[in-house]
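What follows draws every value from the coordinates through simple rules; no lab data is involved. Predicted model only: the values in this text are computed from it and were never measured. Virtual Cβ from ideal backbone geometry, glycine too; neighbours counted across all protein chains shown.
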Amino acid sequence: RGPAAPYLSQCASGPNVEQDKFEERREFWDLLDQDGDTFPRKPDSAEATVAIESIKAEKDAEAVAKIMRSHPDAPGVQEAGLTRFGGLFGQARDGADLPGLTCEALMPTINAGMRAHLPDPGVQRAGCAALRGLAMAPGQLPLMRDAGAIEVAVAALTAQYKDKEVALAANGAFWAMAQAAGKNSPEVATMRTAGVIDVMLKVMQHHAWDQTLVGKMRVVLPFIQED
C-alpha cells in the first residue's frame, strides 16, 4: 500500500533477479527511518539559553571555554561553544586577531565536552569541526596529539558513524590533521593506532550508497594509510 506499492509489487512472485528489468527506485528508502529515532536531547534550561546567547557574541575563545565549563551537563551549551570555536578559527584564518585559539587553552574543554556527550550528534559534529580548526592552526597538531585529540575524534565517529553530518565533520578533521602532519609523522602513526582507518572504513560501509560522502573519505584515507 502507499507510494512504495509499485516497488514492492516487483517481488510479489519471488525475488526479481533480472537487473535490466528491476526498477531500483531508491527514493522509497527515504520513507524509512533506517537508524531509528533521532537523539532525544532535553530542552535547554533558562540558564543554558542565556549561556548560549553569550557564547554566540563572544570573540575570546577562552571566555567561551569558561562558559562551557560552567555548564558541563548542558549539551546545547557544549554544541554552541564548540561551534563558536570553529567559527573563531575561521575568522583567524581570514586574518582576525583573536585570543586564546591554542591547544593548551581549548583542548581540555573540547575533550571534556565531546566525551561527556558522545550520544549527542550535534555536540560531536561541532566538536569535530572545532578539532579541524585547531588542527589547521599553525603548530598545534603535535600538542593536539599529546592531548588526545585524535582519540576523541575517533570516539565521536565510532559513536555516531550512522550520522552523515558527524561523518563529514570527522572526515574534515582527519583531513586537516593529515595535511598538517605530513608523511611518516608521529601524528599519522597515532591516527593509525587510534583506529582512524578502521572507523572510516566502517562509515564507508554503512553509507555505501552515499557516493558523495564515500568519495570524500576515499580522498582522505590514502594520506593516513600510505607511508
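Hey, does the range 83-94 have a residue that's under 16 Å from the mean Cα position of the chain (by Cα) and more than 21 Å from VAL154 (Cα to Cα)?
yes
Which is of a type in the set (A, V, I, L, M) and touching a residue at least 40 places away in the same chain (Cβ under 8 Å), of ALA74, ALA46, ALA61, ALA51?
The unique qualifying residue is ALA61.
Inside the range 168-227, counting only helices (runs of 4 or more DSSP H) that do not spill past its ends, which hold 1 or more residues that are acidic (Asp, Glu)?
It comes to 186-193, 196-206.
What number of residues within the range 101-135 are in contact with a Lys or Arg (Cβ under 7 Å, 6 or more places away or on another chain) and not in a helix (DSSP H, G or I)?
1
From VAL64, VAL77, grab the single residue that is touching a Phe, Trp or Tyr at 6+ places or on another chain (Cβ under 8 Å), on the phi < 0 side of the Ramachandran plot and in a helix (DSSP H, G or I).
Of VAL64, VAL77, the one residue that is touching a Phe, Trp or Tyr at 6+ places or on another chain (Cβ under 8 Å), on the phi < 0 side of the Ramachandran plot and in a helix (DSSP H, G or I) is VAL64.
Examine the range 164-185 for a residue that is over 11 Å from CYS128 (Cβ atoms) and under 9 Å from the mean Cα position of the chain (by Cα), and state whether such a residue exists.
yes
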